[in-house]
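The values are calculated or read from the model by the stated rules, or taken from the named source; none is laboratory data. Since the model is a prediction, treat every value here as computed from it, not as a measurement. Cβ placement follows ideal geometry from the backbone for every residue including glycine, while neighbour counts extend to all protein chains displayed. Heads up: the accessible areas ignore ligands, DNA and RNA and are worked out on the full protein's heavy atoms, side chains in. Shrake-Rupley method; radii C 1.70, N 1.55, O 1.52, S 1.80 Å.
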Amino acid sequence: MKNVFIHDLAKSNGSEVAVELSGWIGAKRHQGRVLFLDIHDSTGMIQAVVAESNITLEVFEAAKHWQTESSVTLKGLLAFSTKGQREIIVESIVLVGGVTKDFSPHPREKIDIFNESVIPHLLKNRHIYLRNPKVMAILQFRDCLMHHIRTWFHENHYTSIDAPILTPVPLYDDGSAMSVTVHSQKVFLTQCVGYYLEAAVHAFERVFNIGPSFRGEESRSKRHLMEYWHIKAEVAWCNLDEIIASVESIISYLVQKCQAEQGDKIAAILGTTMCTDGLATPYPRISYEDAIKLLTEKGMPMEFGKSLGSTEEAELSKLSPGRPFWITGIPRSIEPFPYVIDPADTRITRVADLIASNGYGELLGTAEKISDLQMLDERLKDKGKGGDPRFEFVRDVHQVGCVPHAAFGMGVERMIRWMLNIPHVRDAIPFPRIFKRRISP
């Protein structure tokens, strides 16, 4: 097992220290009787100096022909270069894995991974271009975010619930979900684990789930994927204002932690500044009804009961520049059935959507969940699901000591896209599944 990594060498204060390192050749330069190899591993890059005088002629001649991305193990002395940077003076080097299939551009080159002209090639060969430093930086940021969201949940006494991916019922209409047949039964890939967390919250009171969700409706927007990762949570004895406060706490915590741990790396590798607009809480709020009035005044007429699109959300974000904001009181015609009807205005639900700053659109939704069976049946009927036997297990929960509870759902890739100021959610997941594109690799 490998025990020494490049970041370990960078921390060493000594010179002429014997080291052994394994990694990949990211670039190679040949000057007379000296080879300069940029050696990469998961933690960084260091230059290796291979002089003909320090190794056998046979190995030196072979090394001149090793291609970029060849894997090697070398031994040598850690030293400082003439530029004051760490390098390894190689005393022996062994080829571990050669290259028999070339990829251009080379994976570790300075590629503009957001350039639309190269994206089809990068996606087709995603299994190779995961090695690109920019792709790695985004995915390491993702790992950081996922670690800290789990930490926040555990520090705040939430229990992790592993919900099924196969479900008999979609959150929305059947046509909006991906269906599969299992033992002659038509079931769906989950759109949302809310029904299962709703059952679990009556045991554990605070629950969460992090897992994949699937979208059957086609969308070509920059914030939609067919398969994405969902952070879902439910809290018993909780109302809308309380779940909003919890979400604001989570986002502020994530921004603080990720900025401290990843901000410098993101700036150095991606060349962007991490968005910290989520730090200051509470976030501004605007009602859905006021939002459509403002849009109409700005020449973007909206009918009550229509969903706001990315264009409308971007226009509204100008009202609170540099801040995410909430849109509250979403009409019942838009929202799924499990959400509470507002007693003060039965046209709307007790729901709030968080819209990102800088025109990045909706990040997540929060809602009070229905606890009253009569209201649940009314909403099932609203959505054309009244009497559907598939929802009996949902009704069961509402007949056995059901309590007021609230929930939120956050798309991981949308959060990463906003925080890193990157153009598309496809860049925020290791192997994106995009509409109108063959699933490969």
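Laid out as a table, the results:
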item: Cβ-Cβ under 8 Å pairs, at least 6 apart or on other chains, the range 66-84 side surrounded by fewer than 18 Cβ atoms within 10 Å (Cβ to Cβ), far side acidic (Asp, Glu) and part of a strand (DSSP E or B); result: THR73/GLU20; LYS75/GLU20; LYS75/GLU91; LEU77/GLU91; ALA79/GLU87; PHE80/GLU87; SER81/GLU87
item: Answer residue from the range 186-198, given it is part of a loop (DSSP other than H, G, I, E, B) and either in contact with a strand residue (DSSP E or B) (Cβ under 6 Å, 6 or more places away or on another chain) or open to solvent by 40 Å² or more (accessible area, probe 1.4 Å) (or both) and is modelled with the lowest pLDDT among those; result: GLN191
item: Test: ILE266 is under 19 Å from the mean Cα position of the chain (by Cα), under 30 Å from GLU155 (Cα atoms), crowded, with 20+ Cβ neighbours inside 10 Å and at pLDDT 95 or above; result: yes
item: Checklist (1) of a type outside the set (A, V, I, L, M); (2) part of a helix (DSSP H, G or I); (3) touching a residue at least 40 places away in the same chain (Cβ under 8 Å); (4) farther than 20 Å from PHE214 by Cα applied to ARG142, failing item; result: (4)
item: Yes/no for ASN125 being under 30 Å from GLY211 (Cα atoms), under 29 Å from the mean Cα position of the chain (by Cα) and surrounded by fewer than 16 Cβ atoms within 10 Å (Cβ to Cβ); result: yes
item: Sole residue being part of a strand (DSSP E or B) and more than 19 Å from THR167 (Cβ to Cβ), chosen from VAL255, VAL207, VAL235; result: VAL235
item: Among (1) more than 27 Å from MET146 (Cα to Cα); (2) surrounded by 21 or more Cβ atoms within 10 Å (Cβ to Cβ) - the single one THR346 does not satisfy; result: (2)
item: Selected residue [farther than 26 Å from VAL403 by Cβ, touching an Asp or Glu at 6+ places or on another chain (Cβ under 7 Å), in a loop (DSSP other than H, G, I, E, B) and of a type outside the set (Ser, Thr, Tyr)] from GLY305, GLY322, GLY299; result: GLY322
item: Checklist (1) closer than 15 Å to ASP38 by Cβ; (2) surrounded by fewer than 17 Cβ atoms within 10 Å (Cβ to Cβ); (3) modelled with pLDDT under 95 applied to ASP102, failing item; result: (1)
item: Tally of residues being more than 30 Å from the chain's Cα centre (by Cα) and surrounded by fewer than 16 Cβ atoms within 10 Å (Cβ to Cβ) across the range 37-58; result: 5
item: Complete set of residues in the range 159-185 that are assigned to a loop (DSSP other than H, G, I, E, B), within 21 Å of the chain's Cα centre (by Cα) and within 19 Å of PHE408 (Cβ to Cβ); result: ILE161, ASP162, ALA163
item: Lone unmet requirement of (1) surrounded by fewer than 18 Cβ atoms within 10 Å (Cβ to Cβ); (2) in contact (Cβ under 8 Å) with a residue 60 or more places away in the chain; (3) touching a Ser or Thr at 6+ places or on another chain (Cβ under 6 Å) for HIS230; result: (1)
item: Matching residues in the range 200-227 - criterion: being open to solvent by 50 Å² or more (accessible area, probe 1.4 Å) and more than 17 Å from SER176 (Cα to Cα); result: HIS202, ALA203, PHE204, GLU205, ARG206, LYS222
item: Condition check for ILE286: assigned to a loop (DSSP other than H, G, I, E, B) and either surrounded by fewer than 20 Cβ atoms within 10 Å (Cβ to Cβ) or modelled with pLDDT under 95 (or both); result: no
item: Positions within the range 138-158 being out of contact with any Pro (no Cβ under 9 Å at 6 or more places or on another chain) and open to solvent by less than 40 Å² (accessible area, probe 1.4 Å), in sequence order; result: ILE138, PHE141, CYS144, LEU145, MET146, HIS148, ILE149, THR151, TRP152, PHE153, TYR158
